[in-house]
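Read-outs throughout are calculated quantities, based only on the coordinates presented, and are distinct from any laboratory measurement. Values in this document were obtained by computation on a predicted structure and should not be read as measured data. Note that each Cβ is placed from the backbone with ideal geometry, even for glycine, and that neighbours are counted across all protein chains shown.
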Amino acid sequence: MTVVEGFHEDHGATFTERGGRRVVRHYGRPAQAHKAVRNVVGVIEMGYGVVLVEGDDRVEFVDNAISNSVPTDDGQGVYSLLLDPQGRVELDMYVYNAGERLLLFTPPDHAQALADDWQGKTFIQDVDISVATDDFAVFGVHGPKATEKIASVLTGPGAPEGPLSFDRGSMGEAGVTVIATDAPTGEEGYEVVCTADQAEEVLDALLYFGMAASPFGYETWDSLTLEAGTPLFETELEGQIPNVAGIRNALNFEKGCFVGQEVVSRVENRGQPSRRLVGIVCEELPEAGATVSVDGEEVGTVTRAVESPSRDEPLALAYVEYGLTESDLKVGKTTGTIEQLPFVEGSQKSGRLPTYLD
């Protein structure tokens, strides 16, 4: 469940499940909340799973397992992937170096399995792995005024600069860690981490102290991230080869061997993957899984689609053949045209915006 479910209920929240975790769907008017984030700032409780990795060999152990390089300095983070031997994404994660421990944010239903699997592989290394999902709350603060919002309530250092860097401070009596995000909504963004017992105090401060902010839920998160061209784990990434998804920010092509690296390197050396992730503007809203075709021939599949509050028209993400140049497509029962991502230019570009070698 959410860390502050009662708080959300008092504010009229409707709930849903993501990865087996109960999260806020919306507070009654998701399209208006979407526009509030695009124009000013909004706050969402994130439904992460949290894994702690401690011990003297923690950095080396995790670095050997994932597709990016674990930062060696306290206060730095990285976006990364865990791949299977065929190079396909098993899960994505944010890895933060918090001094004596690494803090991993994962899809919620994968945290326990990851901890169990890794703990069984530590052998003689000094590594201890545990799940701490219930011990922390994480609140996303997104919008063109996100930096001003954080500055209005954070005591201590200023808002951190640089994607996935973080600083520690306080909000009221609560100690917090503030992370600069990689802009998944296409706007300035921060994540505020606190202990679960201080979550309500922190959320109250984020919504009502200093600059006011609008609460929003995962229905709005979906529309914001789609407009920004951000691939999400459940819909665009799971089971895909990262080169196909275009999430080059999750890969370090120069680091040593990790599971799936051979496939990733082979696709990279080829120059172009077989498919790519694109944006499609549709006449009507297609369903996830709808076939994309040209002249009756299947050329791709829709991963997700929304009625865009920013553009007032249906938008979709889809995997299509890499060299596809046709502009007029059949998308399920409707038609559409390919458009360069992002659909909406916000205050920042998403760090996960699909990127390919031409």
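Observations on the model:
- Where a residue in segment 46-74 is on the phi > 0 side of the Ramachandran plot and its partner, wherever it lies, is assigned to a loop (DSSP other than H, G, I, E, B), with Cβ under 9 Å and at least six apart: 55/122; 55/125; 55/126; 55/127
- Pairs meeting the criteria (first residue in segment 83-97 and more than 13 Å from residue 263 (Cβ to Cβ), second residue of a type in the set (Ser, Thr, Tyr), beta carbons under 6 Å, at least 6 apart or on different chains) are 91/106; 93/80; 93/106; 94/79; 95/80.
- The residues on offer are 28, 47, 75, and the sole one that is out of contact with any Phe, Trp or Tyr (no Cβ under 9 Å at 6 or more places or on another chain) and of a type outside the set (D, E, K, R) is 28.
- Of all residues in segment 207-234 being over 19 Å from residue 318 (Cβ atoms) and among the hydroxyl-bearing types (Ser, Thr, Tyr), the one that is surrounded by the most Cβ atoms within 10 Å (Cβ to Cβ): 220
- All positions within segment 231-262 that are touching an Asp or Glu at 6+ places or on another chain (Cβ under 9 Å) and among the hydrophobic types (A, V, I, L, M, F, W, C): 232, 233, 237, 245, 247, 250, 251, 253, 258, 259
- Criterion applied to 200, 187, 236, 219 was being touching a Phe, Trp or Tyr at 6+ places or on another chain (Cβ under 6 Å), under 23 Å from residue 23 (Cβ atoms) and not in a strand (DSSP E or B), and the one residue passing it is 200.
- Listed by first and then second residue, the pairs with beta-carbon distance under 9 Å, at least 6 apart or on different chains, first residue in segment 257-283 and over 30 Å from residue 310 (Cβ atoms) and touching a residue at least 12 places away in the same chain (Cβ under 8 Å), second surrounded by fewer than 18 Cβ atoms within 10 Å (Cβ to Cβ) and among the hydroxyl-bearing types (Ser, Thr, Tyr), are 267/274; 272/322; 272/356; 274/322.
- Residue in segment 22-53 that is nearest to residue 313 (Cα to Cα), counting only those that are in contact with a Ser or Thr (Cβ under 8 Å, 6 or more places away or on another chain) and of a type in the set (D, E, K, R): 35
- Residue tally, condition under 28 Å from residue 271 (Cα atoms) and touching a residue at least 12 places away in the same chain (Cβ under 8 Å), over segment 291-322: 17
- Filter result (touching a helix residue (DSSP H, G or I) at 6+ places or on another chain (Cβ under 6 Å) and more than 19 Å from residue 185 (Cβ to Cβ)) within segment 272-314: 273, 275
- The set of residues in segment 235-256 being farther than 12 Å from residue 80 by Cα, surrounded by 20 or more Cβ atoms within 10 Å (Cβ to Cβ) and small (Gly, Ala, Ser) consists of 245, 246.
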